[in-house]
Amino acid sequence: MEDVAALEAAFSKALWDLGFREWAYQVIRTDALPDEKPLILTTFSDAWYNHYIDSGYHRIDPVIQNGPLQVEPFAWSAMSFGIEPSPEQRRLFAEATEFGVGEGVGIPIHGARGALAMTSMVSDHGAKGLDRLMSTVGQDVHLLSLAFHNHARELLALGRMGRTTVSLTPRERECLLWNAAGKSAWQTAQILGISERTVYFHLANVRAKMGVANVYHATMKAIMEGIISP
């Protein structure tokens with residue numbers, strides 16, 4: 001794959017062919033700051049993604065909390081972990097249903113040097129139908145998730161073959177760091193004492209240097225490559 005967008009499109013098609021309509025891939029960082037945005041690639045709606053992040057659900061999501069402890073693919077139901085969900089977690093699942101997320105499964109990924117990640121995907125089969133689906137295609141989904149993880153890390157962390165580490169100016173790095181910490185362009189401008197337009201200018205330069213489509217991909221790549229350490 002030449003870029004992240006092509007990888008996402010190929011992954012989406014493969015999962016669709018297996019019976020899944022939406023998915024998310026998250027890099028799990030145990031050293032993440034409380035206000036730090038999670039590193040997520042997803043096809044879920046912007047409305048749900050923004051609500052999920054703004055509500056802080058990424059900090060209490062039992063799928064993300066307990067998923068890395070699993071070895072095999074698992075259903076999203078809290079019963080998979082043998083625990084009783086908290087009121088906040090119940091609200092998370094209820095609101096996910098309201099947004100049309102539906103039933104899903106998680107695929108834990110244990111990479112090299114302790115790297116942790118998770119893919120999650122949903123179908124329209126219902127709980128029982130999803131169990132039957134996974135009994136048929138579960139191994140394929142697991143292998144696809146591992147392949148996606150490996151390609152994503154290569155594209156986001158290593159770049160194309162032969163490309164050296166991107167060099168950012170101090171101001172570009174500052175803007176990217178505050179973006180990774182969950183600050184808006186306006187908030188970053190207030191912190192750094194510059195205009196919001198200047199923040200957008202520096203972030204646009206970062207995207208161009210890294211060869212990515214958006215600031216989110218730039219943030220993921222910069223963290224994985226060690227350019228920034230939130």
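The values are calculated or read from the model by the stated rules, or taken from the named source; none is laboratory data. Quantities reported herein were computed from a predicted structural model and do not represent experimental measurements. Glycine gets a Cβ as well: all are built from the backbone with ideal geometry, and neighbour counts include every protein chain shown.
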Quick one: would you say Leu133 is buried (at least 17 other Cβ atoms within 10 Å of the Cβ), assigned to a loop (DSSP other than H, G, I, E, B), over 18 Å from the mean Cα position of the chain (by Cα) and modelled with pLDDT of 80 or more?
no
Residues being over 19 Å from Pro38 (Cβ atoms) and part of a loop (DSSP other than H, G, I, E, B) - total across the stretch 170-213
4
Of the residues in the stretch 181-209, those that are at pLDDT 80 or above and under 19 Å from the mean Cα position of the chain (by Cα) number 3
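Consider Val71 carefully, then state whether it is at pLDDT below 90 and surrounded by 13 or more Cβ atoms within 10 Å (Cβ to Cβ). Talk me through it step by step, then tell me what you get.
Values: at pLDDT below 90: yes; surrounded by 13 or more Cβ atoms within 10 Å (Cβ to Cβ): no.
Criteria not met by Val71.
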Given the structure, is Gly106 in contact with a strand residue (DSSP E or B) (Cβ under 6 Å, 6 or more places away or on another chain), in a helix (DSSP H, G or I) and assigned by TED's automatic domain parsing to the domain that holds Gln26?
no
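Looking at this structure, is Glu98 at pLDDT 90 or above, in the same structural domain as Gly67 (by TED's automatic domain parsing) and acidic (Asp, Glu)?
Values: at pLDDT 90 or above: yes; in the same structural domain as Gly67 (by TED's automatic domain parsing): yes; acidic (Asp, Glu): yes.
In short, yes.
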Within the stretch 41-58, tally of residues that are outside any helix (DSSP H, G or I) and within 15 Å of Leu92 (Cβ to Cβ):
3
If you go through Ser167, Ser120, the only one that is modelled with pLDDT of 80 or more and either more than 29 Å from Asp54 (Cα to Cα) or part of a helix (DSSP H, G or I) (or both) is Ser167
